[in-house]
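Colleague: My questions will all concern the structure given below.
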Amino acid sequence: QRTYMEIEDPEEEMGPDFPEMGGDLSDFADEPGMTRIGTEKVQGFVCEKLEIVDSEMPDGKSTIWFSRELGFPLKTVYESSEGSMIMECRNISLGKPEASLFQIPQGFQRLDIPMGMPSELMEMLEQD
């Protein structure tokens, strides 16, 4: 069965509250556990490079390359004793995307899950 979900406000549950496009990182970089390392280019965009050590996970650290121009991190590297993970935006194209990119493919059904019920979500996904 092919399903899709719609998320109303993903920013509420997704990571740090980054500044808006063109925003200032001065408040963000002064957070506990954050160190501003400098600037580097990622995919042709000048990015602020930040290192983050979470007090709840002192074994790991994240390095984030944040583009002020785009208001979004273009690269994130997470490292811990258990391994590492790299996420990087590539093939970045500025401009308004075509509406067809947001069409739900035929044969997909909407999966409605009440917010705050992740255990039920897991049960539903395990049944497939």
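The values are calculated or read from the model by the stated rules, or taken from the named source; none is laboratory data. Not measured: the values here are computed from a predicted model. For neighbour counting, all protein chains shown are included, and Cβ atoms are generated from backbone atoms with ideal geometry for every residue, glycine included. Protein only, heavy atoms only, side chains kept; ligands, DNA and RNA dropped before computing areas. Shrake-Rupley method; radii C 1.70, N 1.55, O 1.52, S 1.80 Å.
Colleague: Looking at segment 26-38 only, could you name the residues that are modelled with pLDDT under 60 and surrounded by 12 or more Cβ atoms within 10 Å (Cβ to Cβ)?
Modeller: So the first thing to find is which residues in segment 26-38 are modelled with pLDDT under 60, and the list is 26-29.
Across segment 26-38, the qualifying residues are Phe28, Ala29.
Colleague: Is it fair to say Leu74 is in a loop (DSSP other than H, G, I, E, B), aliphatic (A, V, I, L, M) and either open to solvent by 30 Å² or more (accessible area, probe 1.4 Å) or touching a strand residue (DSSP E or B) at 6+ places or on another chain (Cβ under 9 Å) (or both)?
Modeller: Judged against the criteria, Leu74 is not a match.
Colleague: Within segment 94-111, restricting attention to residues that are open to solvent by 100 Å² or more (accessible area, probe 1.4 Å) and in a loop (DSSP other than H, G, I, E, B), which residue is farthest from Arg2 (Cα to Cα)? Outline the logic, then answer.
Modeller: As a first pass, look at segment 94-111 and keep what is open to solvent by 100 Å² or more (accessible area, probe 1.4 Å): 94, 96, 98, 101-103, 106, 109-110.
Okay, now just the ones that are also in a loop (DSSP other than H, G, I, E, B), so 94, 96, 98, 103, 106.
Numbers: Leu94: 30, Lys96: 28, Glu98: 23, Gln103: 15, Gln106: 10 Å.
Of everything passing the filter in segment 94-111, Leu94 is farthest from Arg2 (Cα to Cα).
Colleague: Continuing with this model, one more query. Condition first: modelled with pLDDT of 90 or more and hydroxyl-bearing (Ser, Thr, Tyr). Now tell me which residues in segment 63-99 satisfy that.
Modeller: Of everything in segment 63-99, those that are modelled with pLDDT of 90 or more and hydroxyl-bearing (Ser, Thr, Tyr) turn out to be Thr63, Ser67, Thr76, Tyr78, Ser84.
Colleague: Within segment 54-71, which residues are assigned to a strand (DSSP E or B) and either over 18 Å from Pro32 (Cα atoms) or in contact with a Cys (Cβ under 8 Å, 6 or more places away or on another chain) (or both)? Give the steps one after another, and end with the answer.
Modeller: Looking only at segment 54-71, we keep the residues that are assigned to a strand (DSSP E or B), and these are 61-67.
Result: Trp65, Phe66, Ser67.
Colleague: Within the group Lys49, Lys41, which residue is at negative phi, more than 13 Å from the chain's Cα centre (by Cα), surrounded by 13 or more Cβ atoms within 10 Å (Cβ to Cβ) and modelled with pLDDT of 85 or more?
Modeller: Numbers: Lys41 fails: surrounded by 13 or more Cβ atoms within 10 Å (Cβ to Cβ).
That would be Lys49, the only listed residue that is at negative phi, more than 13 Å from the chain's Cα centre (by Cα), surrounded by 13 or more Cβ atoms within 10 Å (Cβ to Cβ) and modelled with pLDDT of 85 or more.
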